[in-house]
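Sending over a structure as structure tokens; questions will come in a sec.
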Amino acid sequence: MVESRVSAAVKELRQFNLRQIAQSGQCFRMTEIPMTEIPRAEAAVKRVPAAEVPGSDFMAYRVISGFRFLTVVQSGETVIFFCGEEELPYWENYFDLQTDYGKFVESVDKKDVYLQKAAAFGSGIRILRQDLWEMIITFIISQQKTIPAIRALVEALCLKYGSRMELPAEFVPGERDGAFYYAFPTPEQLSCATLEELQWLKLGYRAKYIYQICRDVCSGELDLEKLKTYDYPTAFAYLQRFYGIGEKVANCVCLFGLHQIDAFPVDTWIHKVLMERYACRCRRSTLAGVPQARLCDFLVKKYFSGYKGYAGVMQQYIFYYERYAVPR
């Protein structure tokens, strides 16, 4: 077992909802778990109502980021983080706890009824501060894939090429034997995969993108440390120089891997909203002069430029609202 004492840090958090974060399409190694999987720290767990208590909004998740592991439990505004004592600052930063998301919700234009509803519905979402390399590979995989399929492929890569990590004894509830998980593979580990091996993992056309991006990173052609220093426009342009990264993937990497929360990725869900909810607000004469291929860019600039510096937060509210609130 890893020699690392598990702490149980109890926090009271507003605008924070584990399930909303897990379902917001930004992370793929955040998995809901039953109460029986919670680490042994009874004094802390007693602060949170059990799932069986009527009216309880109890939820628990396992989160893996790079080689780090967290169990996190929530009921109402009470949240408990179970992790190694030295790991807590990492997870506080990961969940962006220092940012006041209430201000983002309050800033929504009162005249935009649709966005008001979306922000209220998904007000517990936060933009996670995730590992840059992991987000590059994850969102290359995400192209034309459903969320369950993305999760499965990410786990397949970790199982095949990531390091096996043992959990501290306190992370193993009851009388079970030791447990472990697989870290996300480093560029060096993943570069050991042949193109054929990646194709065998059912990555499809994405296999050749991943194969090449590994070589670009290992050779220094794609400099991750330099990328972290770029502002949003520079990072967005830089990422698109590399095979397999188009506008949508570049925007996702900027938003979820670099925490440049002004990035506004446009996937099929967001495209649908822009066309159905916002294009109709424009005069036909205005839209007539906009090339069809740039229409979404035009609408994003017109209706979301007022959220300068955090438009990506609004994108997440819309994405989540469309997936879980709007009837199909």
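The values are calculated or read from the model by the stated rules, or taken from the named source; none is laboratory data. For clarity, every value in this text was computed on a predicted model and none was experimentally measured. Positions of Cβ are generated from backbone atoms using ideal geometry, with glycine treated the same way; all protein chains shown enter the neighbour counts.
List every residue pair whose Cβ atoms lie under 9 Å apart, where the two residues are 6 or more positions apart in sequence or sit on different chains, the first residue falls within region 265-282 and is within 16 Å of R294 (Cβ to Cβ), and the second residue, located anywhere, is assigned to a loop (DSSP other than H, G, I, E, B).
So the pair list comes out as I270/F264; L274/V266; C282/V290.
I'd like to verify a number: residues in region 300-328 that are over 17 Å from L274 (Cβ atoms) and touching a helix residue (DSSP H, G or I) at 6+ places or on another chain (Cβ under 9 Å), how many?
Of the residues in that region, 3 qualify.
Next question. Pick out the one residue from I150, I141 that is in contact with a Lys or Arg (Cβ under 8 Å, 6 or more places away or on another chain) and closer than 21 Å to D267 by Cα.
One residue alone meets the criteria, I141.
Further, regarding this structure: If you take the residues in region 60-80 that are of a type in the set (F, W, Y) and assigned to a strand (DSSP E or B), which one is farthest from V6 (Cα to Cα)?
Once the filter is applied, the top-ranked residue is Y61.
For (1) more than 19 Å from Q315 (Cα to Cα); (2) surrounded by 20 or more Cβ atoms within 10 Å (Cβ to Cβ), each residue gets a yes or a no:
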{"position": "E92", "(1), (2)": "yes, no"}
{"position": "Y101", "(1), (2)": "no, yes"}
{"position": "E106", "(1), (2)": "no, no"}
{"position": "D109", "(1), (2)": "no, no"}
{"position": "D112", "(1), (2)": "no, no"}
{"position": "L115", "(1), (2)": "no, yes"}
{"position": "A119", "(1), (2)": "no, yes"}
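Right, here's the next one. Restricting the first residue to region 22-39 and requiring it to be aromatic (F, W, Y), which pairs with a second residue that is crowded, with 19+ Cβ neighbours inside 10 Å meet a Cβ separation below 8 Å and a spacing of at least six or different chains?
Listed pairs, sorted by first residue: F28/T138; F28/V154.
Given the residues F139, F184, which is the only one that is under 30 Å from I33 (Cα atoms), assigned to a loop (DSSP other than H, G, I, E, B) and either not assigned by TED's automatic domain parsing to the domain that holds Y310 or not basic (K, R) (or both)?
Only one candidate qualifies: F184.
Mind checking whether some residue in region 265-276 is over 25 Å from the mean Cα position of the chain (by Cα) and of a type in the set (D, E)?
Checking region 265-276: at least one residue is over 25 Å from the mean Cα position of the chain (by Cα) and of a type in the set (D, E).
Within region 235-271, take every residue that is in a helix (DSSP H, G or I) and either in contact with a strand residue (DSSP E or B) (Cβ under 7 Å, 6 or more places away or on another chain) or surrounded by fewer than 14 Cβ atoms within 10 Å (Cβ to Cβ) (or both) and give me the one that is modelled with the lowest pLDDT.
Filtering first and then ranking leaves T268.
Where in region 81-129 are there helices (runs of 4 or more DSSP H), lying fully within it, with 3 or more residues that are aliphatic (A, V, I, L, M)?
113-121
If you go through region 236-249, how many residues are more than 14 Å from the chain's Cα centre (by Cα), of a type in the set (A, V, I, L, M) and within 14 Å of M135 (Cα to Cα)?
The qualifying residues number 2.
Between C218, C192, C158, which is over 17 Å from G257 (Cα atoms), loosely packed, with under 13 Cβ neighbours inside 10 Å and not small (G, A, S)?
On inspection, the qualifying residue turns out to be C192.
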